[in-house]
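The values are calculated or read from the model by the stated rules, or taken from the named source; none is laboratory data. Every value quoted in this text rests on a predicted model; they were computed, and no experiment measured them. For neighbour counting, all protein chains shown are included, and Cβ atoms are generated from backbone atoms with ideal geometry for every residue, glycine included.
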Amino acid sequence: MKTNIFIIIIVFSLNILSCKNNSNDVQSGEQEILPFNTVEMNDDQYKMAGIELGLIEYRAMSNVMKVNGIVNVPPQNLVSVSVNMGGFVKSTDLVEGCSVTKGQILAIIENSEFIELQENYLENKNKLEFSEADYNRQKDLYKENVNSEKSFQLALSEYKNFKTKVSALNQKLSLIGIDAKNLTEEKITRSISVVSPINGYVKTVNINIGKYVNPTDVMFEIVNNQKLTLELSLYEKDIAKVSIGQKIRFSLPDESDIEQNAVIYQVGKTIDIDKTVKVYSSVENENKNLLPGMYVNALIETSNDSTTSLPDEAVLTFEDKYYIFTYFDKKKEGDKNMTLFLLVEVKKGVSFKGYTEVTLPKDFDLKKSKVVLKGAYNLLSAMKNAGDMAC
């Protein structure tokens with residue numbers, strides 16, 4: 001037992017002596033103890049740590065609001081194509097995704113009612129010509145007091161009735177795409193052409209050859225995606241932050257690194273069941289990859305102010321506080337060049353697209369202070385290790 005106690009006393013004494021010698025070395029200038037917030041590296045360490053220096057940037061960070069939504073089109077750019085009179089589909093060669101132009105034939109529809117309508121028009125047109133001639137004759141005779149006023153009134157009434165019928169039939173023919181001006185007894189047709197009312201592409205096809213379509217059936221949906229809009233959903237507490245004319249940056253979930261721009265043109269005035277309000281914006285640049293129905297992640301710029309920010313990897317978390325490293329000085333130790341870095345406490349704000357908002361100390365010089373943009377975690381590890389090795 002006495003022997004063990006003697007050995008422990010010797011070891012403890014040696015440890016005290018070692019730390020005392022280290023203290024003497026520091027006092028004699030052989031070894032320097034750096035302040036707790038400073039770390040130094042020689043040229044080789046600097047290179048291995050992958051350190052890159054740069055200045056703090058101003059970016060729009062704290063003045064943006066994150067929202068979600070879908071790509072949509074205004075009502076005038078989404079058309080449902082139907083027929084005013086039912087019929088059987090004779091031909092169509094369209095499939096979803098086909099590009100179409102305004103006036104292009106989408107399908108041919110056949111129906112015997114088309115023939116009856118044209119026949120009725122031509123018959124009434126002929127009767128109109130006869131009644132018009134009779135009316136003119138009765139009018140002349142009435143002026144010469146040859147016939148009675150009653151005969152003249154009957155001729156006038158019959159003429160107006162046939163004129164009304166012909167005009168109404170003319171409009172019916174126009175609705176199904178038949179030009180009454182070019183219609184003659186030799187040009188009666190049993191089929192009509194269904195044409196595209198806009199330029200765009202076919203979104204849906206609901207017909208096939210031989211199918212009977214009713215006037216209420218939607219045969220095609222045509223979309224013009226040159227003027228796309230975003231339909232965004234905002235919570236009611238955030239609606240006061242947005243207004244018409246504000247800019248939006250958005251991206252697809254799978255293409256978060258590719259940003260596109262839009263501008264708000266309408267803010268909803270009603271609250272949905274899920275306590276959200278719709279906000280509509282117009283996409284500024286045409287993008288063929290954008291299609292109606294796609295989901296987007298968007299940022300609404302609620303102001304034009306910018307704030308100081310750094311890459312995410314430049315802002316460190318240490319003991320529940322946030323820090324950055326700045327270049328401090330260079331010095332010579334023996335035959336080695338040493339670079340000193342200073343640990344500076346900051347306040348962290350929002351993060352977006354790889355950048356973090358930082359609030360700097362009041363005496364921080366933005367123009368002259370170089371900040372460690374890359375390799376900051378390597379500096380922090382070196383600082384921790386240096387502290388652990390101290391006696």
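Scan the range 289-301 and tell me whether some residue there is free of Cβ contacts under 8 Å to residues at least 60 places away in the same chain, more than 30 Å from LEU366 (Cα to Cα), loosely packed, with under 13 Cβ neighbours inside 10 Å and in the same structural domain as VAL242 (by TED's automatic domain parsing). Checked against the condition, which is being free of Cβ contacts under 8 Å to residues at least 60 places away in the same chain, more than 30 Å from LEU366 (Cα to Cα), loosely packed, with under 13 Cβ neighbours inside 10 Å and in the same structural domain as VAL242 (by TED's automatic domain parsing), the range 289-301 yields at least one hit.
Evaluating LEU373 against the criteria (1) modelled with pLDDT of 90 or more; (2) in a strand (DSSP E or B); (3) out of contact with any strand residue (DSSP E or B) (no Cβ under 7 Å at 6 or more places or on another chain) leaves one unmet condition, (3).
Can you tell me which residue is farthest from the chain's Cα centre (by Cα) among those in the range 216-233 that are in a loop (DSSP other than H, G, I, E, B) and not polar (S, T, N, Q)?
Result: ASP217.
Tally time: how many residues in the range 334-343 are touching a residue at least 24 places away in the same chain (Cβ under 8 Å) and either out of contact with any helix residue (DSSP H, G or I) (no Cβ under 8 Å at 6 or more places or on another chain) or of a type in the set (A, V, I, L, M, F, W, C) (or both)? Lay out the reasoning, then the answer.
Of the range 334-343, the ones touching a residue at least 24 places away in the same chain (Cβ under 8 Å) are 336-343.
Narrowing the set further to residues that are either out of contact with any helix residue (DSSP H, G or I) (no Cβ under 8 Å at 6 or more places or on another chain) or of a type in the set (A, V, I, L, M, F, W, C) (or both) leaves 338, 340-343.
Qualifying residue count for the region: 5.
Inspect all residues belonging to the range 25-37 and state whether any of them is modelled with pLDDT of 90 or more, closer than 30 Å to THR356 by Cβ and in contact with a Leu (Cβ under 8 Å, 6 or more places away or on another chain). Checked against the condition, which is being modelled with pLDDT of 90 or more, closer than 30 Å to THR356 by Cβ and in contact with a Leu (Cβ under 8 Å, 6 or more places away or on another chain), the range 25-37 yields no hits at all. The set of residues in the range 138-159 being among the basic types (Lys, Arg) and surrounded by 14 or more Cβ atoms within 10 Å (Cβ to Cβ) consists of LYS139 alone. Considered as a group, the residues in the range 299-332 that are within 29 Å of GLY69 (Cα to Cα) and in a loop (DSSP other than H, G, I, E, B) include one that is nearest to the chain's Cα centre (by Cα), and that residue is THR302. Of the residues making up the range 358-380, those that are surrounded by fewer than 21 Cβ atoms within 10 Å (Cβ to Cβ) and either under 27 Å from SER251 (Cβ atoms) or assigned by TED's automatic domain parsing to the domain that holds ILE258 (or both) are LEU373, LYS374.
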